[in-house]
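> Input: one structure, supplied below.
The values are calculated or read from the model by the stated rules, or taken from the named source; none is laboratory data. Since this is a predicted model, take the numbers as computed values, not measurements. Don't worry about glycine lacking a Cβ; one is built from the backbone with ideal geometry, like all the others, and counts go over all protein chains shown. With ligands, DNA and RNA removed, areas are computed over all heavy atoms of the protein, side chains included. Shrake-Rupley method; radii C 1.70, N 1.55, O 1.52, S 1.80 Å.
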Amino acid sequence: MLENTLINGDALNVMKKIGDNQIDAIYLDPPFYTQDIQKLTSRKNEEEYSFSDRWNCMDEYLEYMKLRLYECKRVLKETGSLFVHCDRNASHYLKVLLDQIFGISNFQSEIVWSYKRWSNSKKGLLNNHQIILFYSKSEDFKFNRIYTEYSETTNIDQILQERVRDEKGKSVYKCDQNGEVVFGKSKKGVPLSDVWDIPYLNPKAKERVGYPTQKPILLLEQIIKLVTDENDIVLDPFMGSGTTLVAAKMLNRRYIGIDISKKAVELAENRLESLIKTESHLLKKGKSAYMNLSENQINILKSIKATPVQRNSGIDGFLDEFVNDRPVSVKIQKEDETLEEAASKLYKSSKTKKCIYMILIRTHLDFIDTFEYSSYPNNLFIIDAYDLVIQDFFERQKGKNSVMAI
Ligand SMILES: C[S@@+](CC[C@H](N)C(=O)[O-])C[C@H]1O[C@@H](n2cnc3c(N)ncnc32)[C@H](O)[C@@H]1O
């Protein structure tokens, strides 16, 4: 058995050397039918990696995939599973092909890997997902349940109380003879869904090695945990930079990797020597940890047609309209900030963003007013929030009334 090895060669020829029913899980990330050459240079520009994804026609591509997918099925154990990574270019054709090879009844899920990547380049919707087709070899496949956290909108009763169906088949909270609600068993969370929010590797990610279309280790870890246990064997017949094998090794699984490119095999070997994984702060802390704007602040920003930005202590948003092709930054004074502190933060952050104007929304009056207007540039404007304007209006009215009373 070829376990814990990386082999240079065509996936088809190499898989022929593996016996029947040997592998617990296969993940493949083959060319996607992008009709392009995928190219990238390593971090320090030392090496260029590329692979061709050009085909004469869809039929040629599907025939190529068919031969290799049949081999995948043969080497899988009866309890094994296959994950085929693809995207909108050919996912629908591959689904039909896989239904024919594995049988429709063994289709388990169409996993949507969803991420955020910004680009304004083309007309139409931003493409922010890829597809992973999950098939088992038989109905007796290994499957480890993974639970995720309840969403912020989940009602506490939904978590704590047991549910039953009433006589009309409607799901209702279970009550005992005295009409008291019955608590359910301790809950583990919500079973993992088929939409996976996993960040795309950013250009500065530690685990990035400069291989074209390199996938995040987190994505592969989730797949491997789902259908294998420690010591099981994971195969990646199109391993590229070896992400699957790195994830497998980290999780104490055995692995086999294949790639037609010699450079890819060398790169994957190096990655396996010193395992490096990027911690996703977003996933660790949750999205809400990055939300530093309150609902009130977001409402103020929306009312002045500004787009809120999170994770910046100096700028809370930008006006939707640019002025002379340059952005206008906005900051809302925080409760614990003096006007001086807020202005200084806004000024510093806006300088690096080349903002033409800066707008600071004052939300309260400082106990001691130390703000020196003359020390700030004249493109920084201070505007009072509505409640401050109203408070000031009433103060003035009170003043007028007392004068009148005299
Ligand atoms: C999309 S990349 C894989 C990227 C990988 N998942 C990663 O995270 O780095 C596809 C890989 O398939 C390889 N490849 C293309 N045709 C192949 C074949 N017939 N047999 C084996 N590998 C092949 C390419 O060299 C390329 O490295």
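> For the pairs 17/262; 142/249; 39/331; 215/345; 39/95; 123/302, flag any whose C-alpha to C-alpha distance is greater than 30 Å.
Flagged as over cut-off: 39/331; 215/345.
> With r defined as the distance between the Cβ atoms of residue 47 and residue 273 and R0 fixed at 22 Å, what FRET efficiency is calculated, to the nearest 0.05?
Efficiency, rounded to the nearest 0.05: 0.85.
> In addition: Amide H of residue 47 versus every other amide H placed in the peptide plane: which residues, excluding those fewer than 5 positions away on the same chain, fall under 5 Å?
Amide H to amide H, under 5 Å and 5 or more residues apart or across chains, residue 47 pairs with 42.
> Among 237-250, 89-102, how do they line up from the highest to the lowest mean number of other beta-carbon atoms within 10 Å?
Highest-to-lowest ranking by the protection proxy: 237-250, 89-102.
> Taking amide H atoms as placed 1.01 Å from N in the peptide plane, list the residues 5 or more away in sequence, or in a different chain, whose amide H sits under 5 Å from that of residue 235.
Correct list: 25, 26, 27, 256.
> Here is a further query. Can you run phi through the Karplus equation (6.51, -1.76, 1.60; θ = phi - 60°) for region 324-335 and list ³J(HN,Hα) in whole Hz, with x for Gly and Pro?
Working through the residues one at a time gives 6, 6, 10, x, 10, 8, 10, 10, 10, 4, 7, 4 Hz.
> Select from region 164-216 those trypsin sites (Lys or Arg not before Pro) which occupy a DSSP coil region and have at most 16 other Cβ atoms within 10 Å, ordered by residue number.
168, 170, 174, 185, 187, 188, 204, 206
> Based on Cβ point charges of +1 for Lys and Arg and -1 for Asp and Glu, what charge dipole magnitude is obtained for the chain about its Cα centre, in debye rounded to the nearest 20?
With only Lys, Arg, Asp and Glu charged at Cβ, the dipole is about 460 debye.
> Give me the 1.4 Å probe accessible area per residue for region 292-405, excluding ligands and nucleic acids, in Å².
Computed with neighbouring chains in place, this is 67 Å² per residue.
> Considering only DSSP beta bridges where both residues belong to the chain, give the percentage that are antiparallel (nearest 5).
So the antiparallel bridges in the chain amount to around 55 percent.
> Do the alpha carbons of any pairs in 122/204; 116/263; 204/277; 204/353 sit beyond 22 Å of each other, and which pairs?
Long pairs (Cα-Cα over 22 Å): 122/204; 116/263.
> Next question. Per residue and in cubic angstrom, what volume does the convex hull of the Cα atoms of the chain have?
That works out to 260 Å³ per residue.
> Which trypsin sites (Lys or Arg not before Pro) in region 301-379 pass both tests, a DSSP loop state and at most 12 other beta-carbon atoms within 10 Å?
305, 311, 354
> A further question on this structure: Please compute the modelled spin-label separation between residue 310 and residue 194, points set 7 Å along Cα→Cβ, answer in nm with one decimal.
Label at residue 194, label at residue 310, 2.8 nm between them.
> In addition: How about residue 16: which aspartates and glutamates have a C-alpha closer than 12 Å to its C-alpha, ignoring those fewer than 8 places off in the same chain?
71
> May I ask you to compute the full-extension gain from residue 147 to residue 119, defined as 0.36 nm times their residue separation minus their alpha-carbon distance, rounded to one decimal in nm?
6.8 nm
> Follow-up question, since we're still on this one. Determine the percent antiparallel among the DSSP beta bridges restricted to region 296-406, to the nearest 5.
Antiparallel bridges: around 40 percent, rounded to the nearest 5.
> Moving on to the next point. Using a Gaussian network model of the chain with C-alpha springs under 10 Å, which one of 27, 147, 255 is most mobile by mean-square fluctuation?
Comparing 27, 147, 255 in a Gaussian network model of the chain, the most mobile one is 147.
> At 0.36 nm per residue, minus the direct Cα-Cα distance, what do residue 57 and residue 389 gain on full extension? Give it in nm, one decimal, please.
Value of the extension gain: 112.8 nm.
> So if I place +1 on the C-beta of Lys and Arg and -1 on the C-beta of Asp and Glu, and nothing else carries charge, what would the dipole magnitude of region 292-405 be about its Cα centre? I want it in debye, nearest 20.
Using only the charged Cβ atoms, the result is roughly 380 debye.
> Please list, in chain and number order, the residues 5+ apart from residue 7 or on another chain whose amide H is under 5 Å from its amide H, with Hs placed from the backbone.
HN-HN under 5 Å from residue 7: 257, 258, 259.
> A further question on this structure: So which GluC sites (Glu not before Pro) in region 3-47 are both in a DSSP loop and have at most 10 other Cβ atoms within 10 Å of their Cβ?
Here the sparse-neighbourhood loop sites are 46.
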